[in-house]
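Structure record follows, encoded as structure tokens.
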Amino acid sequence: MALLAEEVVSLSKSVQEMSVDGDEPPSHYIVKDSFIGSADDPSPSLCPFPILDISHFSSPSSSFPETEVDKELEKLKLALSSSGCFQAIGHGISSSFLDKVRDVTKQFFALPETEKQKYARAVNESEGYGSDRIVSDKQVLDWSHRLTLRVFPEDKRRFNLWPENPYDFRDIMDEYALKIKVVTDAVFKAMARSLNLEENSFLNQFGDQALMQARFNFYPSCSRPDLVLGVKPHTDRSGITVLLQDREVEGLQVLVDDKWVKVPVIPHALVINLGDQMQIMSNGIFKSPVHRVVTNLEKLRISVALFNEPEPENEIRAVDGLVDENRPRLYRNVKNYGAINYECYQKGMIPLDTVRI
Ligand code: OGA
Ligand code: NI
């Protein structure tokens with residue numbers, strides 16, 4: 001019986017092994033079209049990246065004068081309607097706790113491969129430990145390993161895929177997810193207020209059974225960072241993504257006005273970017289940015305992304321107050337955008353283009 005492409009690749013050397021051995025990346029990892037540049041390169045412009053103090057958005061916000069809150073809401077609107085992302089400080093999560101999340105992530109990826117394989121992603125599934133889902137033999141592969149876990153709804157957790165080693169992984173992730181939920185709820189409300197909408201306009205569309213998916217990313221160093229990418233250019237399918245970056249190593253870049261802009265490391269900040277579903281709900285006012293990850297010659301990098309999505313059975317739609325004669329509806333109402341996204345991934349299509357009116 002012919003092997004599936006995914007099985008063929010899993011039989012060859014892993015990215016981590018190639019990294020340790022200092023191998024040249026094989027052809028199916030090489031990005032063909034353009035020079036990439038590495039994380040240390042001065043080339044991508046380092047324009048000021050928006051930093052927002054989101055303590056202004058927590059309720060009750062009465063400790064701040066109204067003018068200050070309005071100013072921060074204006075900054076939020078500007079950031080989300082231009083680059084589609086910002087760095088959040090004032091989120092109320094301690095730096096020492098963020099370091100714990102990074103530590104358990106690093107500890108997991110440092111385990112022997114046989115230990116990590118206990119949590120291996122099955123072919124054609126999205127949850128578990130592994131590399132890219134392979135859908136075509138022409139696919140260029142990412143220089144990374146990842147662990148993907150459903151975190152919410154809580155009763156959908158598949159604990160057989162949650163590492164038991166390090167021993168505190170589960171507890172820390174459980175606590176982190178709850179803390180991030182508080183942050184995202186506050187940001188959804190602030191997003192609505194920044195557009196003069198009723199504050200639950202976005203939050204309501206997520207529903208009680210909203211999804212939160214965690215993706216732990218591990219990017220080994222690479223002998224040729226100019227040839228491969230940690231993650232190829234993409235937009236997130238989520239409503240909103242909260243990314244905890246590595247404490248020291250840069251790598252994430254966002255496409256702003258057709259230029260790749262580095263997202264600097266701010267150890268105590270969370271990077272918040274919008275996903276496609278929020279672009280739909282905001283009728284295109286807020287942007288789901290194209291982003292990618294470059295690799296590094298010497299240093300490995302980790303990150304933890306939490307993707308927040310409306311419950312799949314909810315039909316999401318442009319909020320009423322954002323549609324009028326001057327701004328017609330841009331996207332049709334959609335259910336289960338995750339499935340649309342995956343179908344497009346298989347066909348090499350841009351998911352948002354397929355739901356445009
Ligand atoms: C992702 C992603 C960025 C990073 O996982 O979708 O864009 O810095 N990650 O790891
Ligand atoms: Ni992403």
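Each reported figure results from applying straightforward, stated rules to the coordinates on display, with no laboratory input. Worth saying up front: this structure is predicted, and the values here are computed from it rather than measured. Note that we place each Cβ from the backbone using ideal geometry, even for glycine, and neighbour counts take in every protein chain shown.
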Considering the alpha-carbon set of the stretch 272-357 alone, what are its Rg and its Dmax in angstrom? 15.5, 54
When we measure straight from the Cα of K71, which lysines land under 16 angstrom away, once same-chain ones fewer than 8 places off are left out? K189
The answer for the per residue Cα convex hull volume of the stretch 66-210, in Å³, is 162
The stretch 51-131: C-alpha pair distances exceeding 22 Å, %: 54
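Only helices at least 30 Å long along their axis, Cα-based, and averaging -0.5 or more on Kyte-Doolittle count here, so list those DSSP H runs from the chain.
Working: long enough: 169-194 (36 Å, 0.17).
Once both thresholds are applied, what remains is 169-194.
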Helix-only [θ] at 222 nm, the chain, -39500 (n - 2.57) per DSSP H run of 4+, per residue, nearest 500, equals -8500 deg cm²/dmol
Give the lysines reachable from K106 as a straight Cα distance under 28 Å; neighbours fewer than 8 places away on the same chain don't count. K13, K116, K118, K156, K179, K181, K232, K262, K299
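Please give the net charge around A210, taking every other residue with its beta carbon less than 12 angstrom from that of A210, where Lys and Arg add +1 and Asp and Glu add -1. Let's see the in-between values first.
Details: positive: R150, K156, K181; negative: E154, D185, D208, E309, E311, E313.
Every neighbour counted, the sum reads -3.
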Fraction of alpha-carbon pairs over 27 Å apart in the stretch 5-355 - percent: 46
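Considering every Cα-Cα pair within the stretch 194-328, what fraction, in whole percent, is farther apart than 20 Å? Intermediate results must be reported in sequence, preceding the final value.
Working: 4691 of 9045 pairs.
Within the stretch 194-328, distances greater than 20 Å cover 52 percent of Cα pairs.
How large is the dipole of the chain about the Cα centre if only Lys and Arg carry +1 and Asp and Glu carry -1, each at its Cβ, rounded to the nearest 20 debye?
Numbers: 41 positive and 53 negative charges, 78 e Å.
That gives a dipole near 380 debye.
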Calculated FRET efficiency for the pair I357/I172, C-beta based, R₀ 45 Å, to 0.05: 0.55
Once fully extended, how much extra length lies between I89 and N204, figured as 0.36 nm per residue of separation less the alpha-carbon to alpha-carbon distance? 38.9 nm
Taking N as the number of residues in the stretch 200-249, what is its alpha-carbon radius of gyration divided by 2.2 N^0.38 Å? 1.62
I'm checking a number: the convex hull volume of the Cα atoms of the stretch 88-174, normalised per residue, in Å³. What is it? 143
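Let's test the formula: R0 of 51 Å, r as the Cβ-Cβ distance of M349 and N326. What FRET efficiency results, to the nearest 0.05? Spell out each step's value before the answer.
Numbers: r = 29 Å, r/R0 = 0.58.
Efficiency for this residue pair is about 0.95.
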Charge-dipole axis of the chain as Lys and Arg at +1 and Asp and Glu at -1 on Cβ define it, positive-most pick from W260, N160, F64: W260
